[in-house]
Amino acid sequence: MKIDAHQHFWQPKRGDYHWMPKDNAILNRAYGPQDLIPVLNKYGIDGTVLVQAAASVEETEYMLGLANSFSQIKGVVGWINFEDEAHLDQLTRLSAHPKFLGVRPMIQDIPNVDWMLHEDVQWAYRALIDLDLSFDALGFPKHISNFLKISQRYPKLRIVFDHSLKPQIRDQQAGCDAFSEWAKGISQLSELTNGYCKLSGLITEAKDGWSADDIQPFAQHVIEAFGPKRVMWGSDWPVCRLQVEYDEWYKLSQSLTKGLSAIERDQIFGLNATQFYRLGQEERKL
């Protein structure tokens, strides 16, 4: 299957997208399957992984409802409150849904960079392992060392690093070195963990006027570090629309991977996501 491993649908009127700028016309509007399915069909993409964008169980329920109605949604990465161990009941209940894949806490928005290491959230990692669910790691380069600690503390945790952990490409464009430390961290994650990495979100870390040459070294390092067997492509639609439409990011991604073999590209554009998230294995929950 060809899979978009990272995209969103949302309904701002529900009021739980606290990060969303109210004056941003691109983001602050409803997005649903009817907006994306024609593009998926255009490029022969069989399905998507729908990822949370709000810190609420209500949004997760909304996404699972969409997954019930649209076969293109192969699975849902939701949210639970890591700070409330009573949410184990919520996680257990959600895990019974055949398309519920795992969770993503919004770590990038939490001021304390060490939050993920706090004792009162450790139950959640253990529960994910016990329930055979995945963990989407959302953060910035400053979070890499702690994601490494979590990965090594819980070697059985299935973890994927979202958006290549958001290298600050705009700073690189401005003449600062945003590559070296990020690249070192990515290499450590690839060598010292069993995690996967998403080739997604890079263009929204660039500033206006970016070119493929700005993106290429970052994408290349992710692929070289993790290898084609542990990288999965995602659109990050509709967030990507802050810079480009789905078409342009898809075509750029195809260009960025043109030096790979056909099977390696198939891995990045679908096989790895299918394997990591265990897509199409709904019977394991029945």
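Throughout, read-outs are computed from the coordinates displayed, never taken from laboratory work. Computed from a predicted model, the values in this text were never measured in an experiment. Note that we place each Cβ from the backbone using ideal geometry, even for glycine, and neighbour counts take in every protein chain shown.
Based on other C-beta atoms within 10 Å, arrange 79, 10 from fewest to most. Don't jump to the answer; show the numbers that get you there.
On the way: 79 26, 10 22.
Neighbour counts put them in this order, fewest first: 10, 79.
Using Cα-Cα distances under 8 Å and only pairs 6 or more residues apart, what relative contact order does segment 1-127 have, in percent?
22 percent
Counting Lys +1, Arg +1, Asp -1, Glu -1, what net charge surrounds residue 250 among other residues with beta carbon under 12 Å of its beta carbon?
Combined, the nearby Lys, Arg, Asp and Glu give -2.
Report the net charge of residues surrounding residue 90, where surrounding means a beta-carbon distance below 12 angstrom and charges are Lys +1, Arg +1, Asp -1, Glu -1.
Residues close to residue 90 contribute a combined charge of -4.
Can you give me the distance in nm between label points at residue 83 and residue 35, each placed 7 Å from the Cα along the Cα-to-Cβ direction?
Each label point is offset 7 Å from its Cα along the Cβ direction, giving 2.9 nm.
Suppose each label sits 7 Å from its Cα in the direction of the beta carbon; what would the residue 212-residue 180 distance come out to in nanometres?
Each label point is offset 7 Å from its Cα along the Cβ direction, giving 2.9 nm.
Kindly rank 82-89, 63-70, 167-174, 44-51 from highest to lowest mean number of other beta carbons found within 10 Å of each residue.
Ranked from most to least packed, the peptides come out as 44-51, 167-174, 63-70, 82-89.
Charges on Cβ only, +1 for Lys and Arg, -1 for Asp and Glu, centred on the Cα centroid of the chain; of 134, 63, 271, which one is farthest towards the dipole's positive end?
271
Which of the pairs 2/149; 74/156; 184/251; 22/74; 74/207; 99/198 have their Cα atoms more than 25 Å apart in this structure?
Working: 2/149 32 Å; 74/156 23 Å; 184/251 28 Å; 22/74 30 Å; 74/207 32 Å; 99/198 20 Å.
With Cα atoms farther than 25 Å apart: 2/149; 184/251; 22/74; 74/207.
Return a whole-number percent for the relative contact order of the chain, with Cα pairs under 8 Å and 6 or more residues apart as the contact set.
Averaging sequence separation for qualifying contacts and normalising by length gives 19 percent for the chain.
Helix-only mean residue ellipticity at 222 nm, the chain, DSSP H runs n ≥ 4 weighted -39,500 (n - 2.57), per residue, nearest 500. What is it?
-10500 deg cm²/dmol
Quick check: convex hull of the Cα atoms in segment 29-90, volume per residue, rounded to a whole Å³? Kindly include the intermediate steps, with their values, before the conclusion.
On the way: hull volume 5.6 nm³, N = 62.
It comes to 90 Å³ per residue, whole-number rounded.
Could you identify which residue out of 209, 78, 185 has the top mean-square fluctuation in a GNM of the chain using Cα springs shorter than 10 Å?
Top of the fluctuation ranking is 209.
Which order do 233, 19 fall in if you start with the one that has the fewest other Cβ atoms within 10 Å?
Details: 233 27, 19 11.
Taking fewest neighbouring Cβ atoms as first place, the list is 19, 233.
Long-range amide H contacts for residue 197: which residues qualify at under 5 Å (H placed 1.01 Å from N, peptide plane, sequence gap of 5 or more or a different chain)?
Correct list: 161, 231, 232.
Using only the Cα atoms, work out Rg/Rh for segment 1-119, with Rh taken as the Kirkwood radius, to two decimals.
Using Cα coordinates only, the ratio equals 0.98.
Compute, for segment 3-285, the length of the dipole vector about the Cα centre, with Cβ point charges of +1 (Lys, Arg) and -1 (Asp, Glu) only. Units Debye, rounded to 20.
Dipole about the Cα centre, nearest 20: 520 debye.
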